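The values are calculated or read from the model by the stated rules, or taken from the named source; none is laboratory data. Since this is a predicted model, take the numbers as computed values, not measurements. A quick note on method: Cβ atoms are made from the backbone with ideal geometry, for glycine too, and the neighbour counts reach across all protein chains shown.
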Amino acid sequence: MSGESTGKASTSRALTTPDEIVTAALDIIDRSGIDALTMRRLGSELGVFPASLYWHVGNRSQLLGLVCEKVLSRIELPPADLPWRDWLFTFGLRTRQVIGSHPRFAAYFVSNIQTSQSSLDIAEHTIAALRRAGFAGHDLVRAYNAVTGAVFGWITGEFAANPEETGGSARSAIEGLTADTDRYPNIRDLWPLAANRAYMLRWESGAGSPLESSFETMLNALLNGLARSREIEEIAARAEAPATRAAAATAPGRPE
């Protein structure tokens, strides 16, 4: 009997893979929130001893890193031959869709530095798209940070946790505070359109009240700004070229 085991944990442990563990961890987060993810609960749901999880995926922090990688890997990058604006716009929409499908994980994901194969793939192709737009050097770094910061930062805000109050009481609190028409005349005027559909004027996260059209507006405004900055740079370069050539033509030659 010493070589036999009929315990569920021992039998299931042999069938558990790192991918199964990561998938189960993400499922717990989706159902109950990130604080509910413990190695004990994860082991219980998988039918394995918690100690075996450490052997497969490391500690909880390392496990969360693997969950981040799994979520990122689900973002399908657009074709590399798309025009740069189309590539970035499509990338933004797909990123919001994937991360937004895990709203209880979104804030953790975006607020922790990511270093993985998938995050590097995203960086590589985003930089390539901006290079196709004509950005280079420090301007390229700034444009890259503007795009990634806008996309991932928006996701953090849109899918922030709901207030601790229930939806009804949170709504009542906001409506009570903004009832002062002398202090908030613009909010009151916009209230029929903005209630629960605008930052700081809502009582639900994007999981219950999505802000998709506003996200698209933000992306278009950002890309329009980047495109205009490139136009200005090109105009300045064309204006400077004749003066540069003239200066070169009149410069004294070097002595033989």
Can you say whether residue 196 is modelled with pLDDT of 90 or more and surrounded by 13 or more Cβ atoms within 10 Å (Cβ to Cβ), as far as the supplied structure shows?
yes
Can you tell me how many residues in the range 30-53 are in contact (Cβ under 8 Å) with a residue 40 or more places away in the chain and assigned to a loop (DSSP other than H, G, I, E, B)?
2
Of the listed residues (129, 150), the one being at pLDDT 95 or above and either surrounded by fewer than 19 Cβ atoms within 10 Å (Cβ to Cβ) or in contact with a strand residue (DSSP E or B) (Cβ under 8 Å, 6 or more places away or on another chain) (or both) is 150
Among the residues of the range 203-216, is there at least one that is farther than 27 Å from residue 68 by Cα, modelled with pLDDT under 95 and not aromatic (Phe, Trp, Tyr)?
no
In the range 54-72, the residues that are surrounded by fewer than 15 Cβ atoms within 10 Å (Cβ to Cβ), in a helix (DSSP H, G or I) and under 27 Å from the mean Cα position of the chain (by Cα):
61, 62
Among helices (runs of 4 or more DSSP H) entirely within the range 116-224, at least 1 residues that are more than 19 Å from residue 77 (Cα to Cα) and under 16 Å from the mean Cα position of the chain (by Cα) occur in 137-158
Just a yes or no: is a residue in the range 80-99 assigned to a loop (DSSP other than H, G, I, E, B), of a type in the set (D, E, K, R) and more than 28 Å from residue 36 (Cα to Cα)?
yes
